[in-house]
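J.: First the structure, which I've put down as structure tokens, then a few questions once you've had a look.
Nothing in this text is a laboratory measurement; each read-out follows from the coordinates by a stated rule. Bear in mind that the values here come from a model prediction, so they are computed numbers and not experimental data. Don't worry about glycine lacking a Cβ; one is built from the backbone with ideal geometry, like all the others, and counts go over all protein chains shown.
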Amino acid sequence: MERCKSRPRCARRMAKRACKREVRSVFKRFRKDLRELRKHRRKARFQKNWLPKIVEILKPSLLEALSKINIGGDEAKSGLC
């Protein structure tokens, strides 16, 4: 193998492989960052567009359920009136 490393063709081949490895790692890092960015955008879009509507739909039932809960008094351990 030592003889092969000293040859110019083998050196070029090894450089080509190293370059491919580097390009592959840069591409994978870029792809990971892009996926992460898309995930953050998707999360923000959901919070902006859909979450207020969901809260608006659930708010009456939530308020009703919370009004039934007795916070203080003897029945505080059970949590219900």
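J.: Suppose we filter the stretch 1-24 for residues that are loosely packed, with under 10 Cβ neighbours inside 10 Å and outside any helix (DSSP H, G or I); how many remain?
T.: Going through the stretch 1-24, the residues loosely packed, with under 10 Cβ neighbours inside 10 Å turn out to be 1-3, 5-6, 8-9.
With outside any helix (DSSP H, G or I) added as a condition, the list becomes 1.
Looking only at that region, the number is 1.
J.: While we're on this one: Just checking, does the stretch 25-44 include any residue being more than 15 Å from the chain's Cα centre (by Cα), surrounded by 10 or more Cβ atoms within 10 Å (Cβ to Cβ) and not in a helix (DSSP H, G or I)?
T.: no
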